[in-house]
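Data first, discussion second: the structure below is written as structure tokens.
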Amino acid sequence: AVLSTQSTVSSGINAEYGAFQTFQHYFKRINLRLCMLTHLTRSLSLMAAIRDNLSSIRPLIPPSVRLVAVSKTKPASDVEAAYEAGQRVFGENYINELVEKSATLSHLPDIRWHFIGNLQKKNCSKLSTCRNLALVETVGSEKVARALSNGWKRNGDGEQLAVFIQVNTSREEQKSGCMPEEVITLADVIMKECDGLRLAGVMTIGAFGFDWSDGAINPDFVELLECKRRLGEHLGRDDLEVSMGMSDDFERAIEMGSSNVRVGSKIFGARN
């Protein structure tokens, strides 16, 4: 009788445990579906926000000015959402991130990438493997120019790679780029020694936090425009581009003559 009672109790425990496992299994499935639904809802909301942001920005940018959507730290899905909303040119600051995203999104036929981050000689070869790389905006020294040209001739698409000379207009020690008085010398090196590259213009980041109130004019923008003027006269060219202006000041930059603006947070939101 004791054994029979024990067997009955054991069977009851096993049944309850089995029911608990079944409940736990269904609970996990429901939780997974809720997580997927939440993720889908967030993704759709984010896509709509990116689309709306681009719709708000585009009327502020003339057809003659290129909008570079800066997608650093953002997932490839955000870039694809912007692409589906009509954006084609994207900027990245980090080489590893750029190479990875360019491979992930290589199925997008018209996507074009700009590299806009600090560029060192040792990283030029890897940068040259980026798919659909259209322009490097941050060539700031002769050694970088030579290394990038050599890397592009090995890994590029057979055409010259467009580059901007990065100018340290604010003369800050922590900033990359050549000094304004070095622009023509660097340009001559690119034109004469770097046959893998095509000099397309000049670029600056400038000092952060400039106060535009009371009609002030950004001296970094003035300096870059002067660099472009002198370089154009030296080369006998009137087609050089000017890359200046970011999320906080791209409208002012366009007013002053920028032909290439780099906008990130106003399209994709705050950086991760």
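Which value in nm describes the separation of the simple spin-label points at residue 198 and residue 211, placed 7 Å from the Cα toward the beta carbon?
A separation of 4.4 nm, rounded to one decimal place.
Only sites in a loop by DSSP and with at most 14 other Cβ atoms within 10 Å count here; which trypsin sites (Lys or Arg not before Pro) in the range 233-272 make the cut? Display every interim value, and only then the final one.
Details: sites: 237, 252, 262, 266, 271; in loops: 237, 271.
When the trypsin sites (Lys or Arg not before Pro) of the range 233-272 are filtered for loop state and at most 14 Cβ neighbours within 10 Å, 237, 271 remain.
Separation between the residue 222 and residue 126 pseudo-spin-labels, each 7 Å from Cα along Cα→Cβ, expressed in nm?
4.0 nm
Can you give the net charge of the other residues whose Cβ lies under 9 Å from the Cβ of residue 201, counting K and R as +1 and D and E as -1? All intermediate terms of the calculation are to be shown ahead of the outcome.
Values: positive: 228; negative: 137, 239, 241.
Taking every Cβ under 9 Å from that of residue 201, the sum is -2.
Tell me which aspartates and glutamates have Cα within less than 14 Å of residue 192's Cα, excluding those fewer than 8 residues away on the same chain?
142
Go through the range 145-252 and name the chymotrypsin sites (Phe, Trp or Tyr not before Pro) that are in a DSSP coil and have 14 or fewer other Cβ atoms within 10 Å of their Cβ. Numbers along the way, then the final one.
Values: sites: 152, 164, 208, 210, 212, 221, 250; in loops: 208, 210, 212.
Here the sparse-neighbourhood loop sites are 208, 212.
Net charge within 11 Å of residue 243 by Cβ-Cβ distance, Lys/Arg positive one each and Asp/Glu negative one each, not counting residue 243 itself?
Working: positive: 66, 228, 262; negative: 137, 241.
Neighbourhood net charge equals +1.
If you count only protein heavy atoms and use a 1.4 Å probe, how large is the accessible surface of residue 223, to the nearest 10 Å²?
Approximately 50 Å² of residue 223 is accessible to the 1.4 Å probe.
Net charge around residue 65, counting only other residues with Cβ within less than 13 Å of its Cβ (Lys, Arg = +1; Asp, Glu = -1)? Before the final figure, lay out each step's value.
Working: positive: 58, 66, 252, 262; negative: 241, 251, 255.
After counting each charged neighbour, the total is +1.
In what order, largest first, do 143, 175 sit by accessible area if the probe radius is 1.4 Å? Before the final figure, lay out the partial values.
Working: 143 125, 175 40 Å².
Highest to lowest solvent-accessible surface, that is 143, 175.
Put 95, 217 in order of accessible area, largest first, 1.4 Å probe: what do you get?
Working: 95 20, 217 110 Å².
Highest to lowest solvent-accessible surface, that is 217, 95.
The values are calculated or read from the model by the stated rules, or taken from the named source; none is laboratory data. This one's a predicted model, so the numbers in the text were calculated from it and none came from an experiment. Backbone-built Cβ (ideal geometry, glycine too); neighbour counts: all protein chains shown. All accessible areas refer to the heavy atoms of the entire protein, side chains included, with ligands and DNA or RNA removed. Shrake-Rupley method; radii C 1.70, N 1.55, O 1.52, S 1.80 Å.
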